[in-house]
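K.L.:
Okay, here's the structure, questions in a sec.
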Amino acid sequence: MSVRRRPLPIATGRVELAHGAGGLATWQLVDEVFAPAFAPTWAHWSSQGFTTATLDDGVVLPAGLVPPGHRLVQSTDVHVVSPLFFPGGDLGVLGVHGTVNDLAMMGATPLTLTVGFILEEGLPLLDVQRLARSVGEAACAAGVAIVAGDTKVVERGKGDGCFLAVSGLGHVAPTVQLSARRARPGDVVIVSGTIGDHGVAILACREGLRFETPTVSDTACLVSLVAPLWDLGDDVRVLRDPTRGGVGTTLNEIAAASSVGMVLREDAIPIAPAVQAACELLGLEPLSLANEGKVVVICAPAVATTVLACLRSHPLGRDAAVVGEVVDDATCTVALRTPLGGMRVLDWLMGDPLPRIC
Amino acid sequence: MKYVTAFRDPALARTLAAGIALDVRPDRVYRLMEFCGGHTHALARHGVLDLLPDVVRMIHGPGCPVCVLPMGRIAQAIALAKHHDVILATYGDTMRVPTIDGESLLSARAAGADVRMVYSVDDALALARASQNRQVVFLAIGFETTTPPTAVAVKRARDEGLTNFSILCNHVLTPAAMHAILDQPEPVALDGLVGPAHVSTIIGTRPYEVFAERYRLPVVIAGFEPLDLLQAIWMLVRQVNDGRAVVENQFTRAVTADGNPRARAITDEVFERRDSFGWRGLGQIPHSALRLTPAFADFDAERRFSLDDPDVKDHPACRCGPILRGHETPQQCKLFGTACTPDRPLGACMVSTEGACAAAWLHRPRGRGLPVVPGTAA
C-alpha cells in the first residue's frame, strides 16, 4: 500500500482510540506492529505457495490441510492477566500456550490461530509490540500459523491494558478418544510436574502484595510433551491442563464428568519449595492455584509406567509423578490422603483463592 | 531444619498417635476444645482427626477472627465503602463473609464500592500515603496477634500526620472469649483446652492460669503444626488421667510465660477495652474487645464517619452460634452442606477456612452422600 505516512512512534507513543477506529491508524498498527510480529509464523505456509497476509475479511484455508481421516478440533480461550508482563512470560505467550494446549489436550496437532487484541487507550505502543512479538514467537515455537486477527481499542479505564482472545484449529487422528468423561475406577492419576508455579508467580508480582519469591510462571507449550501419549490408544483416557482453579478443580471436573471419585496421595504431589512456602505463608491451597505448563493425565494402570516414562523423558515433564487413583464413588468426591495418613476432601476452588488473616 | 516438613513428619506423628492411643482410658471420653481457628484448620487440613482414638473428641472453639465477627459489623464496613466513598482495605478472608441480606464486601466491590484486599495493615497505610485525596479505612479484625501491627500503623499515621487513614476496629481478646465459653448459662462439658499458638506468642502463658485454677481445666498451648497438635493432645490426655489441671506449654519454640511485652505495651498505648462487644454466637461479652484510646480517637472510623452501633443479629436458621459455643457440631446444622457450603456460605463458620464448618466440610467422609458441588461437565 502506497500511503505516505510517518512511522508509528513505537518507542514513545501510546495506544489511542484512533488505533481501533478502523481507519488509517488501525491499518498502520497492523502493518507496523502486528504483521511483522506474525509474519514468521507464515513461513511454512508461504513455502507451500499459500498467502495469508491479505486484508480480506477472512482467511481461506487450503484444501488438504488435514490428513485423510483426521477430524478438526476448534478451541478458543480469552486471556486477562495483571500484570501483563510477569516472571516467566507475558499475556502474549500465555494466550498462545493456552489455546495450543487446549488443542493438545484434545489430542489435536495445532494448525492455525486467530488472535484478537482488545487494547486500552494509553497502553504504551512498546508494550503492544512486545506482546505481539511474544504471540508471534510463541506461535512459531508451537509450529502454528496466525492466520487472522483483529484489534479494538477501549477507553482508558475500561480495560486492563490488554485483553487477548485466541482461537485455534487443529486436527486429531481418528484413533484418539480423549475426554473428561472417560475416567474409570482403577485408573491412575498423573501430573507432569510441580504445581502452583504460575499462580504464585502472578500473586507475587501483583500490586499490593510485595511478596518476593524466585518463582516464575511455568507457561509452556505442551504439544511435544503430550503428543507421544496420543499414540498410546484407548488406555490414555483424559488429558487436561490444570489452569484456572488448579489441579484440584480440574480433578473435580473430571470426577463429575466421569461419575467417579479420586483418592490422591498428598506427599506424591510435586510442589516447588518456594511455592509451598508462599502457600504456607498466605494460607493458600497449592492445588487450587493456576498452572500454565502442566498436564494431568488419567490412564489405565497398564500404561502408567509408559506414560510416566514418556513424560519424564521430556524437559517439561521431568518431575512427573503418579499422584493418585480413580475410585468408584457416586458422590464424585476427590479426596486426599495426607502424609500423616488422614483423609480430607479436595474441593472445587470456591471463588477466588483468598489468603487467611493469620 | 525445614520448618515446612519437620513438624509434619509422618513417622513421628504415628509415634505420638500411638502414645495417645496407649494412654487414653477406653471407659471415658476426652472432650478437648481447640480454641483457635488455626488449630481447627490444621486438624482438618492434615487429617489429624483420623489419627485420634474415638474417645478423644475435638470441639471446635470460637477462635476464628472472621467467624466471630457479627454480620452487622460486615454490613457496617460495606455501608462505609458504599456510602462514604472511602477505600476500604481488608484481609482477604473477610471479603466473602455474607451479611444477613446476602451481601459481602466482594459483592459490594462488584457493585462499585472501592474495596481492596491487603496482606497487612502496612499495605493499607501505603494506600493512604498514595491516595491523599481519598479516605482509607482499614477493617481491623483479629485477636491479640494482629492487634500490635494495627497499633504500630495507627502510631505511624499519627507521626506522619496522615489525615486520610482510619481503622474500623474489631480487635477482640482471647481470654474474654474463653471466659464467655466457660461461664455460659449452659456450659459446654470440656476436659481440656488446646491454647492458641500465635496469640500466646504475644500474651504469654500466664493469662491461661486462671482457667486451670478456677475451672480445673487442663490447658496446653500448642503450635499450629500437626506434630504440635498431637503432642499437645497427648499432654492434655495425661493431665486428665492424672487429675491435674495446669497450664503447660508445648509451643516452647515460640511462646514464653511473658509473651511479647513490647507488643503489648504498644497495644496498650493505642487501644483500650470497650465496655462490651457483641460477638457472633457468643453475644455481648464485657471487656472483650478494643477501641482506640482518646489520644488516637482521630483515627477511629466509627467516629470519623459517625457510624451507628451495628446490629449484631445472626441469620435465623444458621447454627453458627451454638457451634461457636461448642454446643453443636457443624453436621447438626440443617444448612450444613445443603444451603451452606464454602461456595455459597450463609454462616461465617463456613467462609473462613479456619471456621468449624469449613473444616468439617474439608474433612467430611468420602462417599457418605454429602452433595457434590455441581460443576460443568466437561
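Quick note: the coordinates plus some simple rules give every number you see, no bench work behind them. In this text, all values refer to a predicted model and were calculated from it rather than measured experimentally. Backbone-built Cβ (ideal geometry, glycine too); neighbour counts: all protein chains shown.
K.L.:
Mind giving me the nanometre distance, one decimal, between the label points for A:Ala35 and B:Ala257, set 7 Å out from Cα along Cα→Cβ?
P.N.:
Distance between label points: 8.3 nm.
K.L.:
Could you tell me which of rounded, prolate or oblate describes the stretch B:88-161, using a ≥ b ≥ c as the square roots of the eigenvalues of the alpha-carbon gyration tensor, with rounded for a/c under 1.5 and, failing that, prolate when a/b is larger than b/c and oblate otherwise?
P.N.:
Verdict is oblate for the stretch B:88-161.
K.L.:
Sorted from fewest to most neighbouring beta carbons within 10 Å, what does the list A:Val275, A:Val166 look like?
P.N.:
The order, fewest Cβ neighbours first, is A:Val275, A:Val166.
K.L.:
Checking the a/c ratio against 1.5 first, then a/b against b/c, what shape does the Cα gyration tensor give for the stretch A:180-345?
P.N.:
It is oblate, given that a/c is not under 1.5 and a/b is not larger than b/c.
K.L.:
Continuing with this model, one more query. With chain B treated as a Gaussian network of Cα nodes joined by springs under 10 Å, which of B:Ala11, B:Ala42, B:Ala358 yields the largest mean-square fluctuation?
P.N.:
Of B:Ala11, B:Ala42, B:Ala358, the most mobile in the Gaussian network model is B:Ala11.
K.L.:
Oh, and also: With no solvent and one point per C-alpha, what does the Debye sum give as log10 I(q)/I(0) for the stretch B:11-81 at q = 0.17, 0.26, 0.27 Å⁻¹?
P.N.:
Once normalised to I(0) and log-transformed, intensities are -0.72, -1.17, -1.19.
K.L.:
By how many nm would the segment from B:Thr293 to B:Asp101 grow when fully extended, if each residue of separation counts as 0.36 nm and the alpha-carbon distance is taken off?
P.N.:
Taking 0.36 nm per residue and subtracting the Cα distance, the gain is 65.8 nm.
K.L.:
Let me ask something else. Would you be so kind as to identify which of B:His363, B:Leu236, B:Pro226 lies farthest towards the positive end of the dipole of chain B, taking Lys and Arg as +1 and Asp and Glu as -1 on Cβ and the Cα centre as origin?
P.N.:
The one lying farthest along the dipole's positive direction is B:His363.
K.L.:
Highest GNM mean-square fluctuation, chain B, Cα pairs closer than 10 Å: which of B:Tyr208, B:Tyr119, B:Tyr30?
P.N.:
B:Tyr119
K.L.:
Calculate the length of the line joining the C-alpha centroid of the stretch A:281-353 to that of the stretch B:254-291, in whole Å.
P.N.:
43 Å
K.L.:
Give me the dipole magnitude in Debye, nearest 20, for the stretch A:180-345 about the Cα centre, with unit charges on the beta carbon: positive for Lys and Arg, negative for Asp and Glu.
P.N.:
100 debye
K.L.:
Another question about this same structure. Given springs between every Cα pair under 10 Å in a Gaussian network model of chain A, which of A:Leu239, A:Leu316, A:Leu24 has the largest fluctuation?
P.N.:
Top of the fluctuation ranking is A:Leu24.
K.L.:
Related question: If the reach is capped at under 12 angstrom between alpha carbons, list the aspartates and glutamates near A:Lys152, excluding any in the same chain fewer than eight residues apart.
P.N.:
Once the sequence-local aspartates and glutamates are set aside, what remains near A:Lys152 is A:Glu16, A:Glu120, A:Glu121.
K.L.:
Here's a follow-up. Size of the dipole of chain B about the Cα centre, Lys and Arg at +1 and Asp and Glu at -1 on the beta carbon, nothing else charged, in debye to 20?
P.N.:
620 debye
K.L.:
If you don't mind, there's one more thing I want to ask. Counting Lys and Arg as +1 and Asp and Glu as -1, each charge on the Cβ, what is the dipole of the protein assembly as shown about the Cα centre in debye, to the nearest 20?
P.N.:
440 debye
K.L.:
Please report the projected area of chain B's Cα convex hull averaged over all directions, in nm².
P.N.:
With the hull built on Cα positions only, its mean projection is 20.6 nm².
K.L.:
Further question on the same structure: At 7 Å along the Cα-to-beta-carbon direction for both A:Arg244 and B:Thr5, put a label point, then send me their distance in nm to one decimal.
P.N.:
Placing both labels 7 Å beyond Cα along the Cβ direction yields 3.5 nm.
K.L.:
So what is the relative contact order for chain B, in percent, with contacts set as C-alpha pairs under 8 Å and at least six apart?
P.N.:
For chain B, the relative contact order is 22 percent.
K.L.:
If you don't mind, there's one more thing I want to ask. Based on the alpha-carbon gyration tensor of the stretch A:107-163 and its eigenvalue square roots a ≥ b ≥ c, which shape applies: rounded if a/c is under 1.5, prolate if not and a/b is larger than b/c, or oblate?
P.N.:
In terms of gyration-tensor shape, prolate.
K.L.:
Now a separate question. With r as the distance between the Cβ atoms of B:Asp54 and A:Ser259 and R0 = 25 Å, compute the FRET efficiency 1/(1 + (r/R0)^6) and round to 0.05.
P.N.:
Once rounded, the FRET efficiency stands at 0.15.
K.L.:
Another question, then. Using 1/(1 + (r/R0)^6) with R0 = 35 angstrom and r between the beta carbons of A:Asp328 and B:Asp343, what's the FRET efficiency to the nearest 0.05?
P.N.:
Rounded to the nearest 0.05, the efficiency is 0.90.
K.L.:
Right, another one. Before anything else, pin down the relative contact order of the stretch A:92-197: Cα pairs under 8 Å, at least 6 apart, normalised by residue count, whole percent.
P.N.:
Relative contact order, the stretch A:92-197: 42 percent.
K.L.:
Rounded to the nearest 0.05, what FRET efficiency do B:Arg216 and B:Asp114 give with R0 = 60 Å and r taken as the Cβ-Cβ distance? Could you check?
P.N.:
Approximately 0.70, to the nearest 0.05.
K.L.:
Round to a whole angstrom and tell me the spacing of the C-alpha centers of the stretch B:123-186 and the stretch B:77-111.
P.N.:
17 Å
K.L.:
Could you pull the Rg and Dmax for the protein assembly as shown, using just the Cα atoms, both in Å?
P.N.:
28.5, 97
K.L.:
At what distance in nm do the modelled label points of A:Ala227 and B:Asp122 sit from each other, each positioned 7 Å from its Cα along Cα→Cβ?
P.N.:
4.8 nm
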